[in-house]
1. Just a yes or no: is a residue in the range 149-159 in the same structural domain as N10 (by TED's automatic domain parsing), in contact (Cβ under 8 Å) with a residue 24 or more places away in the chain, part of a helix (DSSP H, G or I) and of a type in the set (V, I, T)?
2. For the range 11-104, which helices (runs of 4 or more DSSP H) that fit wholly inside it have 2 or more residues that are in contact with a Leu (Cβ under 6 Å, 6 or more places away or on another chain) and within 21 Å of S126 (Cβ to Cβ)?
3. Inspect the range 187-203 for any residue being without any contact (Cβ under 8 Å) to a residue 12 or more places away in the chain, in a loop (DSSP other than H, G, I, E, B) and either more than 23 Å from I70 (Cα to Cα) or outside the structural domain of I17 (by TED's automatic domain parsing) (or both) and give the result as yes or no.
4. What residue, of I92, I17, I70, I8, is at pLDDT 95 or above and touching a strand residue (DSSP E or B) at 6+ places or on another chain (Cβ under 6 Å)?
5. Taking F156, is it at pLDDT 95 or above, of a type in the set (A, V, I, L, M, F, W, C) and under 26 Å from A31 (Cα atoms)?
6. Could you say which residue among D39, D93, D20 is among the charged types (D, E, K, R) and more than 19 Å from H130 (Cα to Cα)?
7. Going through the range 193-221 one residue at a time, which ones are within 13 Å of A9 (Cβ to Cβ) and acidic (D, E)?
8. Considering only residues of the range 140-179 that are in contact with a helix residue (DSSP H, G or I) (Cβ under 8 Å, 6 or more places away or on another chain) and of a type in the set (S, T, N, Q), which is nearest to E63 (Cα to Cα)?
Amino acid sequence: MYRLISNIANHSSIRNIIFDFGGVICDIDIARTEKKFKDFGPLKHANSNPSHIQAQQFKILVENLETGAISPPQFREAIKHHYANPPSDQAIDDTWNAMLLNIPEKRVRLLEKLKSQFRIFILSNSNQIHYEKYLQDFQQQTGYHDFNELVEKAYFSYKIGLKKPGKKIYEFVLFNSSLNPAESLFIDDTLENVQGAEAVGMNGFYLKNGTEICNLFLPIL
């Protein structure tokens, strides 16, 4: 049995826990992907498009991928369009997935133990390319076939067409799993996403960089 640490709001009334995936359950390093994209060489329109415009274009591209508005092939073609020497599909996938590190076994063990005490869920802004990669790694590492075998329900943005921190994605999860927001805790490593959950009445916990989720739970002796 576990109890939540006391500095989590309404910790004694929590019955449901919703975990972000990347940066909370799965370790990530976005700088690895950023570096590998630079290794593709010069951009086709580098002189005409200032860096802040390029960054905004890429942000929109990723948002479309994460909501399923575009497919992985469309994402790859858009990436190729920006480079003077377009990379291969495999090179793009390898670069895009470079940010995904490992899923520490201690976190998997924690979720397994929490299942007997809380209703637990995953809610992630994700995309099909990343999902297929970390699902494969997860299967090989744990023997589970799917994330829904580890938690009650895993929600991924590209599958439902909504993304954090938009209000609708939290409302979708609450309705779909019949959760009382006042009894639900959302844990994320992005403050904006935590605030989005709190805006619909959930309890939120901002997992600051370097904080380990295992440290949020204390065993009851």
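The values are calculated or read from the model by the stated rules, or taken from the named source; none is laboratory data. Values in this document were obtained by computation on a predicted structure and should not be read as measured data. We place every Cβ from the backbone using ideal geometry, glycine too, and count neighbours over all the protein chains shown.
1. At the first step, the residues of the range 149-159 found to be in the same structural domain as N10 (by TED's automatic domain parsing) are 149-159.
Among the residues that remain, those that are also in contact (Cβ under 8 Å) with a residue 24 or more places away in the chain are: 150-159.
Among the residues that remain, those that are also part of a helix (DSSP H, G or I) are: 157-159.
Cutting the leftovers down to of a type in the set (V, I, T) gives us none.
No.
2. It comes to 72-81.
3. For the range 187-203, residues without any contact (Cβ under 8 Å) to a residue 12 or more places away in the chain, in a loop (DSSP other than H, G, I, E, B) and either more than 23 Å from I70 (Cα to Cα) or outside the structural domain of I17 (by TED's automatic domain parsing) (or both): absent.
4. Only one candidate qualifies: I17.
5. Answer is yes for this residue.
6. Numbers: D93 fails: more than 19 Å from H130 (Cα to Cα); D20 fails: more than 19 Å from H130 (Cα to Cα).
Going through D39, D93, D20 in turn, the sole match is D39.
7. Across the range 193-221, the qualifying residue is only E198.
8. S157
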